[in-house]
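Visitor: My questions will all concern the structure given below.
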Amino acid sequence: MAGVAPGGGRGFLGRLADRLGLDRLGVGNQEGGLENPSVQAGGYVGQGVYVGVEQGAEGGPRVGVEVELTPRLKLESSTGGETGERIGLSYEFEY
């Protein structure tokens with residue numbers, strides 16, 4: 001559903017995200033298990049600032065914010081759901 005459609009389109013979820021004005025829309029699972037499917041949605045509210053929400057089949061929603069501090073360093077924060085609050089830094093390097 002989220003894959004690339006024939007002819008280079010974005011697929012069903014990509015088209016739905018475009019219509020809803022979202023930058024990301026996906027289906028996955030919370031905490032890495034198959035037992036709790038979830039829906040994730042979000043968008044960029046400013047240059048390098050992403051706000052997203054994830055709702056699983058169980059528990060409340062989880063809201064997260066990612067702030068791009070440098071092209072490779074991001075500050076990530078989230079709250080809600082069953083795991084409580086989290087904050088961290090991530091470093092990305094593409095080779």
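The values are calculated or read from the model by the stated rules, or taken from the named source; none is laboratory data. Since the structure is predicted, the reported quantities are computational estimates derived from the model, not experimental observations. Cβ atoms come from the backbone with ideal geometry, glycine included; neighbour counts cover every protein chain shown. Heavy atoms of the whole protein, side chains included, go into the accessibility calculation; ligands, DNA and RNA do not. Shrake-Rupley method; radii C 1.70, N 1.55, O 1.52, S 1.80 Å.
Visitor: Using the 2.2 N^0.38 Å rule of thumb for compact globular proteins, work out how region 50-95 stacks up: its C-alpha Rg over that value, please.
Guide: This ratio for region 50-95 stands at 1.32.
Visitor: Tell me the net charge near F12. Cut-off is 13 Å between Cβ atoms, F12 excluded, with +1 for each Lys or Arg and -1 for each Asp or Glu.
Guide: Local net charge: +2.
Visitor: Something else about it: Determine, at each q value in 0.20 (inverse angstroms), the log₁₀ of I(q)/I(0) that the Debye formula gives when each Cα of the chain is one equal point scatterer.
Guide: Values, matching the q order: -1.12.
Visitor: I would also like to ask the following. Counting alpha carbon pairs within less than 8 Å and at least 6 residues apart, what relative contact order, in whole percent, applies to the chain?
Guide: It comes to 14 percent, rounded to a whole number.
Visitor: Quick one: pull the percent of accessible area on the chain belonging to carbon and sulfur, 1.4 Å probe, ligands and nucleic acids left out.
Guide: The computed percentage sits at 57.
Visitor: Express in Å², to the nearest 10, the accessible area of S78 obtained by rolling a 1.4 Å probe over the protein heavy atoms while all chains stay in place.
Guide: For S78, the solvent-accessible surface is approximately 20 Å².
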